[in-house]
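Have a look at the structure below, then the notes.
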Amino acid sequence: MRMLDSAKAIKEQIIEDRHNLHKRPEIGFYLPETAAYVQNRLAEMGIASEICGGPIENEVREKFVFAGFPDMEQSTGVVATIGTGEPCILLRADMDALPMCEAEGLVDFASEKKGLAHMCGHDTHTAMLLGAAKLLKERETELKGTVKLMFQTGEECGCGSRFMVEKGVLENPKVDAAFGIHVMTNQKKGEIGYTPGICSAAMDTFMLKIKGTGAHSSEPQNGIDPLMIANQLYTTLNLLASREVDPRETVALTAGKCGGGTAANVIPDTAELMVGVRTFNRQVTSHMITRIPEIIDHTVKMWRGTYDLKTFHTPSTFTDEAICEELRPLIEEVAGEGNVKQVPCMAGTEDFGYISEQVPSMFIYLGAGGPDAAPMHNPNMVVDDQLLPLGAAIHAHVAMEWLKRHQK
């Protein structure tokens, strides 16, 4: 039976998994319910799994608390293997949700947790990989090596895969290649996109707390206004790309959080500014991460303030051109001739980059909507459930065929 036919035969289970996960979203690195669900489903298939995580160092926790995430002492990624021996290919799915709400009445399996929702499709990624796990387990005797399943936390934090790399996800057995899928609701249904080379932006985050001196608004000379400093920084930092970066390069700088204070007639003690910078060229990245702290330091001190700055870096995802050429026809065998296309580099950031830095990797986008559909991270985003078997079949077919071609 063709892999896609086999995936369609278990479609209802894949969709049920997706709906169950969608109802119970969790954010960050500590996803106890989600991890338990994945482990239980794998156990039902006869697949042993383990938690690939552990304590998160205080410095990292402080950064994410500063950014508004809850304090997360543990990470709870899940790893399982199917087959034995060399070579080994890793299939990855992310499991975390977003701290946002979905539009009311959007789906009949809506989030049961207020303020949390799977509006980036990670519930579908997890469901598709669970579907692939079943397909691969049924064919385990045919595998010419090992398939490692990586269910990752904290992708929306930009470093969940880094934690799993540090905890050894690429070892025992050693991973030789990696593959990942992301659904895209504003891409034509069933169409597969990929980008050889750099396929996502690097993301550098600057989390700044400016400390001034509070005062009555009628006596500004007696205070140090942190909101005025934040306002100057907002304007100045937005000039960097237009004045110090080659116009042929791309920089997307956004101050996604800026503010402080409690009343119109009070100069507050503190203000906060959070800036994210997305870049595609490593030299541009280096320039921006050098200049932004310099500008922050000089601007804050010019107005007699002090500050606390925390930074975080997520690398670009790099897809190996050779493995893309090898896997493209395998993907086309499942998705159909003409349905696999090169697309422009994604402007967003994807922490699969921590994997692709270490092993040859391919990352693809699975169209699950259309150009007029609500995009990712939108409260009206909807993923067509009927596309989930296609993703599961691609995962399984790529893994099996890649192992055959690289058996040792």
Exercise. Among the residues of segment 190-208, is any among the aromatic types (F, W, Y) and in contact with a Ser or Thr (Cβ under 6 Å, 6 or more places away or on another chain)?
Worked result: yes
For this session: Within segment 303-334, work out how many residues are at pLDDT 95 or above, open to solvent by less than 60 Å² (accessible area, probe 1.4 Å) and more than 30 Å from K211 (Cα to Cα).
Result: 8
For this session: Give segment 269-296 a look and list any residue that's open to solvent by 20 Å² or more (accessible area, probe 1.4 Å), in contact with a Gly (Cβ under 7 Å, 6 or more places away or on another chain) and of a type in the set (A, V, I, L, M, F, W, C), or say none.
Result: M274
Problem set entry | Any hit, segment 396-407, residues being over 21 Å from L129 (Cα atoms) and not in a helix (DSSP H, G or I) | yes
Exercise. What is the residue count in segment 187-199 for residues that are closer than 18 Å to I323 by Cβ, open to solvent by 30 Å² or more (accessible area, probe 1.4 Å) and in a strand (DSSP E or B)?
Worked result: 1
For this session: Within segment 233-253, identify whether any single residue is part of a helix (DSSP H, G or I), within 17 Å of D308 (Cα to Cα) and in contact (Cβ under 8 Å) with a residue 60 or more places away in the chain, and answer yes or no.
Result: yes
Problem set entry | Selected residue [open to solvent by less than 40 Å² (accessible area, probe 1.4 Å) and touching a Phe, Trp or Tyr at 6+ places or on another chain (Cβ under 7 Å)] from V300, V359 | V300
Exercise. Do we have any residue at all in segment 157-165 that's hydroxyl-bearing (S, T, Y), in a strand (DSSP E or B), on the phi < 0 side of the Ramachandran plot and at pLDDT below 95?
Worked result: no
For this session: Report those strands (runs of 3 or more DSSP E) wholly inside segment 1-112 carrying at least 1 residues which are β-branched (V, I, T) and open to solvent by less than 30 Å² (accessible area, probe 1.4 Å).
Result: 74-83, 88-94
Seminar exercise, completed: Exactly one of M228, M184, M207 is under 16 Å from the mean Cα position of the chain (by Cα), of a type in the set (A, V, I, L, M, F, W, C) and surrounded by 16 or more Cβ atoms within 10 Å (Cβ to Cβ), and that residue is M184
Exercise. Can you pull out the residues in segment 149-181 that are open to solvent by 10 Å² or more (accessible area, probe 1.4 Å), touching a residue at least 24 places away in the same chain (Cβ under 8 Å) and farther than 28 Å from K63 by Cα?
Worked result: P173, K174, D176
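The values are calculated or read from the model by the stated rules, or taken from the named source; none is laboratory data. Please read all numbers here as calculations on a predicted model, not as lab measurements. When we count neighbours, we look across all protein chains shown, and the Cβ atoms used for this are built from the backbone with ideal geometry, even at glycine. Just so you know, the surface numbers come from the protein's heavy atoms only, side chains and all, with ligands and any DNA or RNA stripped out. Shrake-Rupley method; radii C 1.70, N 1.55, O 1.52, S 1.80 Å.
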